[in-house]
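Written below as structure tokens is the structure these notes are about.
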Amino acid sequence: MIVSETVQRQIEGASWIRRMFEEGIRLKRERGEENVYDFTLGNPTEDPPDAVRAALQKLARTNARGAHSYMPNAGFPDVRRKLAQSLERDTGVPFTEDHILMTVGCAGAMNTVFKAMLNPGDEVIVPMPFFPDYQFYILNFSGKMVPVETDENFELDIAAIEAKITPKTRAIILNSPNNPTGVIYPEALLRDLEALLRRADHPIAVISDEPYKSYVYDGAKCPETAAIISNCIIATSWSKTWSIPGERIGYLAISPRLPEADALSQACTFTNRILGFINAPAIWQLATAEAPDAAPDLGAYTEKRDLLCDGLARAGYEVRKPQGAFYVFLKTPIPDDMEFTKILLKEGVLAVPGKGFGRAGYIRLSLTVSRDTIVRSLPFFEKAIKQIKN
Ligand SMILES: Cc1ncc(COP(=O)(O)O)c(C=O)c1O
């Protein structure tokens, strides 16, 4: 077989994603696009903010010398300097350009740092439920993902994390605002985690995966993890913030408070290169410096969140509104989320079963759909729950 056994196994393990995708295509063909309500993908489809499009036009017009060339593998120094300054302003931590590495999206950032950090068999603790690709990023470098339970509100359980720490623990992934739950970890819990890490007998890094940082609702504020956690490595991107997930631009920021931060920064610059990324897309690096304040339209997302959550609650679902990110993690009216996903599918509604995120009994619904899709889908959510209650 030309495909490695490892990859074949991984493909089979992740086949539920493919099955959902294929079912969606079949259903759309059968019933027409407009009669299928696809809540599966976290793929913002609105236009990027005006300031971003203006920045791109300006960059293309001026075509500054070297704007399309190789640059240092870590990225354009002046872009990294600007980012370091804004991070220092937001966190109070003295980041410099040497701690910033421009990456191919957030996924590129995470693979780059895991390649630099993990020895075979090293462990990475991941609170459940989690973004499913983490397991593969860790396995790419022969690491071991160690899932850890969160509490009934999907908040970090510090005692549970402590129980999972072994001499092989190298890192913990935090994702706040969280995909899939929408939870924002409060400052007090981050402080408890910092205290735990200080008690540990070897350095454990926190990879703070922050692509949803700008999606917060009801005036909530997402605490700056790097301000609280000394051993913090931020991995993030503009994929969601600017609705440009196809453009692949992000960065790693390694806190200068992390032991051996400089050595890790240099190692990441190297691993970014040898993983084949070489450097992050040049024009997008420049764009990030041109439009630093461009933000998503939170009003539209708040409206969609409320429309969906209130509609689902009226239909009889037990709903928890997300505090951030753009997903609703909905408790299924029967414990078997795969079964309930099938019931919804028959009604033309596509959702991702919670099992894929390591938490059965839930489904994930993405708010990146249009307002109209939400309105037209609600009667079908209602039909699905009625089938169970009757
Ligand atoms: C939690 C989380 N981390 C990382 C990523 C990857 O982001 P990017 O597309 O910028 O690589 C995603 C994408 O959906 C995500 O949901």
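The values are calculated or read from the model by the stated rules, or taken from the named source; none is laboratory data. Everything numeric here is computed off the predicted structure, so don't read it as measured data. Note that each Cβ is placed from the backbone with ideal geometry, even for glycine, and that neighbours are counted across all protein chains shown.
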Open item on the list: Restricting to the stretch 245-274, name every residue that is of a type in the set (Gly, Ala, Ser), surrounded by 18 or more Cβ atoms within 10 Å (Cβ to Cβ) and within 30 Å of Asp47 (Cα to Cα).
Closed with: Gly250, Ala253
TODO: State whether the residues of the stretch 324-336 include one that is among the hydroxyl-bearing types (Ser, Thr, Tyr), outside any helix (DSSP H, G or I) and under 24 Å from Tyr215 (Cα atoms).
DONE: yes
TODO: Would you check if there is a residue in the stretch 13-25 being polar (S, T, N, Q), away from the ligand (no atom under 16 Å from the Cβ) and not in a helix (DSSP H, G or I)?
DONE: no
Task: Residue list for the stretch 59-84, filter: exposed (fewer than 15 other Cβ atoms within 10 Å of the Cβ) and either among the acidic types (Asp, Glu) or in a helix (DSSP H, G or I) (or both) - done: Ala60, Arg61, Thr62, Pro77, Asp78
Open item on the list: For Pro147, only one of the following conditions fails: (1) without any contact (Cβ under 8 Å) to a residue 60 or more places away in the chain; (2) away from the ligand (no atom under 14 Å from the Cβ). What is its number?
Closed with: (1)
Open item on the list: Restricting to the stretch 214-270, count the residues that are of a type in the set (D, E, K, R) and within 16 Å of the ligand (Cβ to nearest atom).
Closed with: 3
Task: Boolean, Asn175 is at pLDDT 95 or above, assigned by TED's automatic domain parsing to the domain that holds Ile274 and surrounded by fewer than 18 Cβ atoms within 10 Å (Cβ to Cβ) - done: no
TODO: Looking only at the stretch 274-308, count how many residues are in contact with a helix residue (DSSP H, G or I) (Cβ under 9 Å, 6 or more places away or on another chain) and either of a type in the set (Asp, Glu) or more than 25 Å from Ala51 (Cα to Cα) (or both).
DONE: 9
Task: Any chance Leu330 is assigned by TED's automatic domain parsing to the domain that holds Thr373, in contact (Cβ under 8 Å) with a residue 24 or more places away in the chain and surrounded by 14 or more Cβ atoms within 10 Å (Cβ to Cβ) - done: yes
TODO: Kindly indicate whether any position in the stretch 255-269 is more than 25 Å from Asp201 (Cβ to Cβ), out of contact with any strand residue (DSSP E or B) (no Cβ under 9 Å at 6 or more places or on another chain) and not assigned by TED's automatic domain parsing to the domain that holds Gln323.
DONE: yes
Task: Options Asp98, Asp38: the member that is in contact with a strand residue (DSSP E or B) (Cβ under 8 Å, 6 or more places away or on another chain), charged (D, E, K, R) and in contact (Cβ under 8 Å) with a residue 24 or more places away in the chain - done: Asp38
Open item on the list: Which count do you get for residues in the stretch 184-213 that are within 12 Å of the ligand (Cβ to nearest atom) and either in contact (Cβ under 8 Å) with a residue 40 or more places away in the chain or out of contact with any Leu (no Cβ under 6 Å at 6 or more places or on another chain) (or both)?
Closed with: 6
TODO: Identify all residues within the stretch 32-50 that are outside any loop (DSSP other than H, G, I, E, B) and either crowded, with 16+ Cβ neighbours inside 10 Å or touching a Pro at 6+ places or on another chain (Cβ under 7 Å) (or both); write none if there are none.
DONE: Tyr37, Asp38
Task: Candidates Glu97, Glu123 - the one that is of a type in the set (D, E, K, R), in contact with a Pro (Cβ under 6 Å, 6 or more places away or on another chain) and either away from the ligand (no atom under 11 Å from the Cβ) or on the phi < 0 side of the Ramachandran plot (or both) - done: Glu97
Task: Residues of the stretch 98-124 satisfying the condition of being among the aliphatic types (A, V, I, L, M) and surrounded by fewer than 24 Cβ atoms within 10 Å (Cβ to Cβ) - done: Val104, Ala107, Ala116, Met117, Leu118
Task: Meets criteria (surrounded by fewer than 21 Cβ atoms within 10 Å (Cβ to Cβ) and within 25 Å of Leu174 (Cα to Cα)) for Arg320 - done: yes
- [ ] Among the numbered conditions (1) free of Cβ contacts under 8 Å to residues at least 24 places away in the same chain; (2) within 22 Å of Pro245 (Cβ to Cβ); (3) not hydroxyl-bearing (Ser, Thr, Tyr), tell me where Leu59 comes up short.
- [x] (1)
